[in-house]
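The values are calculated or read from the model by the stated rules, or taken from the named source; none is laboratory data. Note that the structure is predicted; figures quoted are calculated from it, not measured. Backbone-built Cβ (ideal geometry, glycine too); neighbour counts: all protein chains shown. In case anyone asks, the SASA skips ligands and DNA or RNA and just uses the protein heavy atoms, side chains included. Shrake-Rupley method; radii C 1.70, N 1.55, O 1.52, S 1.80 Å.
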Amino acid sequence: MSANHNRPLSDVEIRVKALESLLVEKGLVDPAAVDALIDTYEHKVGPRNGAHVVAKAWMDPAYKARLLADGTAAIAELGYSGIQGEDMVVIESTPETHNVIVCTLCSCYPWPTLGLPPVWFKSAPYRSRVVSDPRGVLKEFGLELPEKMQVRVWDSTAELRYMVLPERPAGTEGMTEEQLAALVTRDSMIGVARVAVPGQEGART
Amino acid sequence: MAINAEQALAATKVGATARVDAAVLPRFTPGTRVRTLNLNPPGHIRLPRYIRDKEGVIERDHGVFVFPDTHAAGLGEKPQHVYVVRFSARELWGPQGGAKDELLVDVWEDYLEPG
């Protein structure tokens, strides 16, 4: 921030500021509402919500069954409902099948469980390449899948939002739900990574 | 006139679903072979180009949703079923596709015909 302190504002920044000033002056936007929304998506809503869902599904087979049958209702049980998560689908990855999510038409993403999408998820290269060469793209994320494993790419072009229920890693049998949730990354719920146990093979550094 | 912080946060909690509670019968059932239409209108369409005029199988029925193509044009909601359609990677990409790999795409019923 301090390094950029003296640089002039970019065209987009100037345009946004001008637009915001006008909307506030005309009484169309309450600046406190804008601040509340930014604070929510910067600090309160994010992939820790999804990690809670995943860890609970790993611990509780009945919850997992509900989650896979009706993602929207099961996620609502934990309170993670709302805009861009109105209709949720949860896809389970298994030792035989790896799942990965994309929205080729735009950047649809399950906000209440995963927060706002990372820039690469919205980028044209990811969106165009993960459908035509999923194994190559996953390899670039550091995930090399054996030939015998099936890859399923889910393109969320309609109104439903998807997240992956990743495979529970081996060696986590004695862990609590909280400890498990700490292992679950955003990328594993998009499907460009697997969940690894720190110190074990496959762990991300 | 402007909504306040409390109202803005309440709106994020509720959202706005495009699911419609309408008694519309599905034209297809899971397991049915379908073919996507080859549609190339000048305006808005939610059928990705890479799955136009391709063979697939109905994987699941998501229920009834507003059809954005008509809704965006002010021509009504035209509620209809949205399906997950499963395509083999080979069907879409030829020999470059992984032999066992699949693509699963949400598709509105109006984009489909029997396979």
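Let's see how each residue does on (1) within 30 Å of A:Pro146 (Cα to Cα); (2) facing chain A (nearest Cβ under 10 Å):
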| site | (1), (2) |
| --- | --- |
| B:Arg19 | no, yes |
| B:Gly31 | yes, no |
| B:Pro42 | no, no |
| B:Leu92 | yes, yes |
Legend entry - Index of the failed condition, A:Pro95 passing every other in (1) assigned to a loop (DSSP other than H, G, I, E, B); (2) more than 17 Å from A:Arg168 (Cα to Cα): (2)
Inset, instruction - Report the residue count in the stretch A:136-164 for those that are in a helix (DSSP H, G or I) and open to solvent by less than 50 Å² (accessible area, probe 1.4 Å). - result: 3
Legend entry - Subset of the stretch B:79-99 (residues that are outside any loop (DSSP other than H, G, I, E, B), open to solvent by less than 60 Å² (accessible area, probe 1.4 Å) and in contact with a helix residue (DSSP H, G or I) (Cβ under 9 Å, 6 or more places away or on another chain)): B:Gln80, B:His81, B:Val82, B:Tyr83, B:Val85, B:Phe87, B:Ala89, B:Leu92
Inset, instruction - Evaluate the stretch A:35-43: report whether one residue or more is more than 18 Å from the chain's Cα centre (by Cα) and over 19 Å from B:Lys13 (Cα atoms). - result: no
Inset, instruction - Please enumerate the residues belonging to the stretch A:83-104 that are more than 13 Å from the chain's Cα centre (by Cα) and modelled with pLDDT under 95. - result: A:Ile83, A:Glu86
Inset, instruction - Within the stretch B:49-60, work out how many residues are open to solvent by 20 Å² or more (accessible area, probe 1.4 Å) and part of a helix (DSSP H, G or I). - result: 2
Inset, instruction - Any chance you could count how many residues in the stretch B:100-115 are more than 8 Å from every other protein chain (Cβ to nearest Cβ) and either open to solvent by 20 Å² or more (accessible area, probe 1.4 Å) or not in a helix (DSSP H, G or I) (or both)? - result: 6
Legend entry - Pairs with Cβ under 7 Å, 6+ apart, first in the stretch A:120-145 and facing chain B (nearest Cβ under 9 Å), second open to solvent by less than 70 Å² (accessible area, probe 1.4 Å) and in a helix (DSSP H, G or I): A:Val131/B:Tyr50; A:Ser132/B:Trp93
Legend entry - Those residues of the stretch A:112-124 which are closer than 27 Å to A:Ile75 by Cα and in a loop (DSSP other than H, G, I, E, B), in sequence order: A:Gly115, A:Leu116, A:Pro117, A:Pro118
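Yes/no per residue for (1) part of a helix (DSSP H, G or I); (2) open to solvent by 30 Å² or more (accessible area, probe 1.4 Å); (3) touching a residue at least 40 places away in the same chain (Cβ under 8 Å); (4) not aliphatic (A, V, I, L, M):
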site	(1), (2), (3), (4)
B:Gln7	yes, yes, no, yes
B:Asp21	no, yes, yes, yes
B:Leu25	no, yes, no, no
B:Val34	no, no, yes, no
B:His62	no, no, yes, yes
B:Gly74	no, yes, no, yes
B:Glu77	no, yes, yes, yes
Inset, instruction - Kindly check whether there is at least one residue in the stretch A:100-111 that is closer than 27 Å to B:Val105 by Cα, in a loop (DSSP other than H, G, I, E, B) and without any contact (Cβ under 8 Å) to a residue 40 or more places away in the chain. - result: yes
Inset, instruction - Taking A:Arg127 as meeting all but one of (1) open to solvent by 30 Å² or more (accessible area, probe 1.4 Å); (2) in a loop (DSSP other than H, G, I, E, B); (3) in contact with a Cys (Cβ under 9 Å, 6 or more places away or on another chain), write down the number of the exception. - result: (2)
Inset, instruction - Residues being without any contact (Cβ under 8 Å) to a residue 24 or more places away in the chain and either over 30 Å from A:Val34 (Cα atoms) or hydrophobic (A, V, I, L, M, F, W, C) (or both): count how many of those fall in the stretch B:9-19. - result: 5
